[in-house]
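The values are calculated or read from the model by the stated rules, or taken from the named source; none is laboratory data. Computed from a prediction, not measured in an experiment: that's the story for all the values here. Cβ placement follows ideal geometry from the backbone for every residue including glycine, while neighbour counts extend to all protein chains displayed.
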């Protein structure tokens, strides 16, 4: 009998990372894929990215709406309550063999908690990482403690999971799915990207993705204002914006993006979601990735593209030397851009070491899901170092 594997996804970025794993599960005769789609996938203002999943030909999709409309603290708490109930109902009735989760979002935390109550084993990708500017830091580590299999993307993260009391036999350093995706994707040429976007990229451009920060003193709106002010200093460049996620105050950032694009229609392009192919193609062709997205940390170095990482959202992650951290202030951002545009920095971009890269990441994950002994997987013990 085929093992039922539920793969959970609630955001565009997460699904993009999981796509190759999902394809490999579909190709296995002794694995049965069930996709649980929720969160911003079902929300129009975030691009309603469930359409991208359906276009990939996945038929076994359970869409669970948790009312992701209000990004205030109370709105998110309301969504979390709905998520816990609805995910639990789905998992209880389906009784899958394994639930596969990725990352640290609150929806993912709710799915892990529901699986705990329903006695469904959890496999977690991208555990052991630190994102000290976010409340998601606590969600990620909580998911780790509710998981039974772990797939970190480098050895330091593996050791951190073991430090949290997880048995080393259950922790597998498989590398980054994002890097593997890039190595196996036919990215678009400049002309094809222009045609798909309907926007002329006749000048060098920056790719900008800025998400809300939840644990910093400076508000997300104030931080993003500083970034927009810095962009004004570069009239010879164009800018591609992707929308903020559904964290608290994400709507404020998206409103500011739309207003900035309205004022500069000749040099700016914005979409709630570009989709994996267009986003990574834009990253491959851009001059600099700017913002605070994990894609600037994980994927951009694999394309040999420099990143300006603003603020503390990604503080604590292992970074390639192509990444410059800077304060969320106009002066610091301008200084970082100028540094990257310098001949010296461009020369230093040669032979960038990618700390998260391993061969066959998705294949390793699926092989373990296919062969792991399940009889006693729920009986966890705290592993003392």
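For region 96-211, give me every one of the strands (runs of 3 or more DSSP E) that falls completely inside it and has 1 or more residues that are touching a helix residue (DSSP H, G or I) at 6+ places or on another chain (Cβ under 8 Å) and closer than 29 Å to residue 329 by Cα.
Answer list for region 96-211: 205-209.
Identify the residue in region 274-294 that is surrounded by fewer than 21 Cβ atoms within 10 Å (Cβ to Cβ) and in contact with a strand residue (DSSP E or B) (Cβ under 9 Å, 6 or more places away or on another chain) and, among all such residues, is farthest from residue 40 (Cα to Cα).
Once the filter is applied, the top-ranked residue is 287.
Conditions: (1) in contact (Cβ under 8 Å) with a residue 60 or more places away in the chain; (2) under 22 Å from residue 336 (Cα atoms); (3) surrounded by fewer than 20 Cβ atoms within 10 Å (Cβ to Cβ). Residue 230 meets all but one. Number of the miss?
Evaluating residue 230 over (1) in contact (Cβ under 8 Å) with a residue 60 or more places away in the chain; (2) under 22 Å from residue 336 (Cα atoms); (3) surrounded by fewer than 20 Cβ atoms within 10 Å (Cβ to Cβ) leaves (3) as the failure.
In region 361-381, what residues are surrounded by 12 or more Cβ atoms within 10 Å (Cβ to Cβ) and either under 27 Å from the mean Cα position of the chain (by Cα) or without any contact (Cβ under 8 Å) to a residue 12 or more places away in the chain (or both)?
Across region 361-381, the qualifying residues are 361, 362, 363, 364, 365, 366, 367, 368, 369, 370, 372.
From 297, 288, grab the single residue that is closer than 26 Å to residue 130 by Cα, under 17 Å from the mean Cα position of the chain (by Cα) and not assigned by TED's automatic domain parsing to the domain that holds residue 79.
On inspection, the qualifying residue turns out to be 297.
Right, residue 91: in a helix (DSSP H, G or I), over 24 Å from residue 2 (Cα atoms) and either in contact (Cβ under 8 Å) with a residue 24 or more places away in the chain or not assigned by TED's automatic domain parsing to the domain that holds residue 310 (or both) or not?
No: the conditions fail for residue 91.
Go through region 348-385 and count every residue that is assigned to a helix (DSSP H, G or I) and modelled with pLDDT of 90 or more.
Qualifying residue count, region 348-385: 11.
Being at pLDDT 95 or above and either under 17 Å from residue 244 (Cα atoms) or under 19 Å from the mean Cα position of the chain (by Cα) (or both) is the filter here, so list the residues in region 265-277 that pass it.
Those that are at pLDDT 95 or above and either under 17 Å from residue 244 (Cα atoms) or under 19 Å from the mean Cα position of the chain (by Cα) (or both): 268, 269, 270.
Any idea which residue in region 41-63 is surrounded by the most Cβ atoms within 10 Å (Cβ to Cβ), counting only those that are in a loop (DSSP other than H, G, I, E, B) and under 20 Å from the mean Cα position of the chain (by Cα)?
Per the stated criteria, the residue is 49.
Going by the structure shown, is residue 147 assigned by TED's automatic domain parsing to the domain that holds residue 35, surrounded by fewer than 20 Cβ atoms within 10 Å (Cβ to Cβ) and farther than 23 Å from residue 50 by Cα? Please lay out each step first, then the result.
Details: assigned by TED's automatic domain parsing to the domain that holds residue 35: yes; surrounded by fewer than 20 Cβ atoms within 10 Å (Cβ to Cβ): no; farther than 23 Å from residue 50 by Cα: yes.
Answer is no for this residue.
Are any of the residues in region 31-50 touching a helix residue (DSSP H, G or I) at 6+ places or on another chain (Cβ under 8 Å), in the same structural domain as residue 61 (by TED's automatic domain parsing) and free of Cβ contacts under 8 Å to residues at least 24 places away in the same chain?
Yes, region 31-50 has at least one match.
Listed residues 69, 4; which is surrounded by fewer than 16 Cβ atoms within 10 Å (Cβ to Cβ) and not in a helix (DSSP H, G or I)? Can you show your working first?
Values: 4 fails: surrounded by fewer than 16 Cβ atoms within 10 Å (Cβ to Cβ).
Exactly one residue qualifies, and that residue is 69.
Taking the conditions exactly as written (under 25 Å from residue 251 (Cα atoms) and surrounded by fewer than 24 Cβ atoms within 10 Å (Cβ to Cβ)), does residue 38 satisfy them or not?
no
Return yes or no: is residue 307 at pLDDT 90 or above, within 29 Å of residue 219 (Cα to Cα) and within 21 Å of the chain's Cα centre (by Cα)?
Spelling it out, residue 307 is indeed at pLDDT 90 or above, within 29 Å of residue 219 (Cα to Cα) and within 21 Å of the chain's Cα centre (by Cα).
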